[in-house]
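Take a look at the structure set out below.
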Amino acid sequence: MKSFKGTVKKSDLEGGVWILDTGKGDIFQLKGGPVDLYENGKKVTIRGNIRKDILGIGMIGPVLEVHETT
Amino acid sequence: MKKFHSLLFICLFAVLILSQSVAADDIAGEAASDPAYQNHPISAPGEIVVDLKDNISSNEIEKLEHDYGIDLSFNSIYAQDEKVMTALVSDYYVSSLLAKLKKDKRVESAEPNYYYHIMASKPNDPLYKYQWDLEKINVRKAWDHNRGEGVIVAVIDTGVAFEDSGRFHKVEDLADTLFVKGYNFVDKNDHPNDDHAHGTHVAGTIAQSTNNSKGVAGIAYRAKIMPLKVLAANGYGKVSDIADAVRYAADHGAKVINMSLGGPFPSFALESACNYAHSKGVIIVCAAGNERSKRVGYPAGYKVCVAVSATRFDDKLAPYSNRGKRVDIAAPGGDMNVDQNNDGMPDGIMQNTIQIKNPEKEGYYVFQGTSMACPHVAGAAALVISAGVTDPNEVLSILKKTARKTGFEMEEGHGAGVLDVGAALDNAGIWHGWLKLIIAIIVLIIVIIIVGIADSKKLMLSGSFLFAWIMGSCGLFFLNYTKAGGLPLVNILTRGVPEMDIAFLGVNAHINPIFYSVLIPFIAGVACYKTKWQKAGAGFALGIAASILFAMFGSTDVKWIPGTFLLDKAWLLINFALCLFLGWLLIKLNPEAGKSTDGQGQNKAE
């Protein structure tokens, strides 16, 4: 499990997709985690796994499965 | 014996004509029930339009009327300068009168008063005015040919709002859309309903109910949607479910798979499933991805998949779209940050779908993404397939060849250009026909070499031989160059006889092993043996041999015959050989063979 630091954003692609923008050029699609994580502009640190066995409608970046947020 | 032959031949001919009529009636009947086709005959009965010399005087016009016994009137006040006039005459008199008028020095041109064309008007769906994307891909021109009849398109996505079941309901503008049984791979049941909105939106672009005076339009609106749910309400799904869905689609008659989904990582299981579907003759259309990357995602990146990038109203690549050399073709995916067409709406793609994650409510929503571009190409593929081009490589080739060039294809990620489905449909029958004709000529040359020029020359130069050879191989495909292209009966006649299985049994029965066998030419051969039609029988058998050979080169599946150990290819090879032998036999046994040289052919026949 790794840590990922960045800003939670809602992309207006594909009807709306939640992402984590690290500000360093990396974008992850968010999967799972607490409901209050999904707040536009929220700065967070997420501990989770990159899921290579999952595909989705967003196609914006790797899928980050959230285990913990701080 | 001669009577028996005649009777058999007449019966065979009657069956073919009757079944053509039935198929044509079906299509015509369907067209008649379609509001877009009502009150749009091809030409006004008994009405002609005559363009007279511009400097002709009123007295000369009166004299011309007197000479031909017609009453000419100006088509409109705007036609007075150009002297364009119309007249009503007896139906029986139209052709002979036009022939005479065309030779008259006072006349510039004379022709039946054609209505512009069958589908000149926009569909009556009130929100069609916001579907700039469909106008961009020239969809109405494609509808002149077909609307995707008989083709199954699998939508592998979040499900489709296709049925009333529990908290789910069928959205209003899918009311007339056709569906086949699908599957829910997420919840493992037979109800692949949409609990997100994405899948229903995608399905709408492909086959939204059209010309129903409601909502918006879809591209291949007579195609059948196979809803396959692999993504949960959160928009994510497991690769294993997606791979299973691809195999399911291929095994249950889908000819097109739409996958508006993806990710940056390849998967062997999914690639293997895509290879399987492609080998079964399915075209797999995938979204290139929204990462602004120079590489497309997966499954779009697999060799057998069609990668679709997204464009805006101005044909430029949408800012979010993946690009790069792997992109096959571009299609409208929208850009909701602009309103370039000034219609008061963001330039996204509008379709009827449920509210996001709320299947109890619905509306007409504007989405953007390569997911939205992808179903434009899937719908276009369904139309091309319905036109008779069933090999996935050939379908893609036509879509790419006819794509509208923007000048920035490779660098900008447009692939071959922006999808032009109208041009693709115009081209489909012709391209297919030329390929088949080339194969047929090669087969004929081989037979001439085997039989010998002396024996074959006289037979092959006869009209009945050549006509039967053409009908057996490529059909009258060149009719697609004329104004008649796209008419129901012409759609049938422009195929070789084996490919008429599409007209009689539907695209999903193609390639039918009876049509693609020696059976029909054998019956025809027996019927015309030792009659003056024997030459035609030989030509017919050789034409069908060429058609079967053509099918062997494609990756379309032979129905009912498993592809294991290449059994389907073996079937085609054996029947190709038998047709070739039958053709050769009918030539060698023809009483006229060799008459022109030394009479040896006559002796052999005896």
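Miscellaneous remarks
- The condition of being within 23 Å of the chain's Cα centre (by Cα) and assigned by TED's automatic domain parsing to the domain that holds B:Ala161 holds for B:Asn211.
- Among the residues listed as B:Gly237, B:Gly253, B:Gly289, B:Gly301, the single one being outside any loop (DSSP other than H, G, I, E, B) and touching a strand residue (DSSP E or B) at 6+ places or on another chain (Cβ under 8 Å): B:Gly237
- Test: residue in the range B:174-189 that is of a type outside the set (S, T, N, Q), closer than 22 Å to B:Ala381 by Cβ, within 14 Å of another protein chain (Cβ to nearest Cβ) and in contact with a strand residue (DSSP E or B) (Cβ under 6 Å, 6 or more places away or on another chain): no
- Looking only at the range B:548-588, residues that are aliphatic (A, V, I, L, M), crowded, with 18+ Cβ neighbours inside 10 Å and either modelled with pLDDT under 70 or part of a loop (DSSP other than H, G, I, E, B) (or both) come to 1 in all.
- Here B:Ile523 fulfils each of the conditions (1) buried (at least 21 other Cβ atoms within 10 Å of the Cβ); (2) modelled with pLDDT of 95 or more apart from (1).
- Here B:Arg495 clears all of (1) surrounded by fewer than 24 Cβ atoms within 10 Å (Cβ to Cβ); (2) at pLDDT below 90 except the condition numbered (1).
- Residue match in the range B:535-546 (condition: basic (Lys, Arg), in contact (Cβ under 8 Å) with a residue 60 or more places away in the chain and in contact with an Asp or Glu (Cβ under 9 Å, 6 or more places away or on another chain)): yes
- Under the condition of being closer than 29 Å to B:Phe553 by Cβ and assigned to a strand (DSSP E or B), the residues counted in the range B:256-286 number 8.
- Residues that are part of a loop (DSSP other than H, G, I, E, B) and within 13 Å of another protein chain (Cβ to nearest Cβ), drawn from the range B:324-363: B:Gly333, B:Gly334, B:Met336, B:Asn337, B:Val338, B:Pro346, B:Gly348, B:Ile356, B:Lys357
- Complete set of residues in the range B:256-280 that are of a type in the set (Gly, Ala, Ser), touching a strand residue (DSSP E or B) at 6+ places or on another chain (Cβ under 8 Å) and within 14 Å of chain A (Cβ to nearest Cβ): B:Ser260, B:Gly262, B:Gly263, B:Ser267
- Qualifying residue in the range B:222-236 (condition: without any contact (Cβ under 8 Å) to a residue 12 or more places away in the chain, assigned by TED's automatic domain parsing to the domain that holds B:Arg167 and surrounded by 23 or more Cβ atoms within 10 Å (Cβ to Cβ)): yes
- Sole residue being farther than 23 Å from B:Gly388 by Cα and among the hydrophobic types (A, V, I, L, M, F, W, C), chosen from B:Phe522, B:Phe540, B:Phe504: B:Phe522
- Residues in the range B:364-382 that are in contact with a strand residue (DSSP E or B) (Cβ under 6 Å, 6 or more places away or on another chain) and away from every other protein chain (no Cβ under 14 Å): B:His376, B:Val377, B:Ala378, B:Ala381, B:Ala382.
- Counting only helices (runs of 4 or more DSSP H) that sit wholly inside the range B:123-224, those with at least 3 residues that are aliphatic (A, V, I, L, M) are B:198-207.
The values are calculated or read from the model by the stated rules, or taken from the named source; none is laboratory data. No experiment lies behind these values; they were computed from the predicted model shown. Here Cβ is always computed from backbone atoms with ideal geometry, including for glycine, and neighbour counts include all displayed protein chains.
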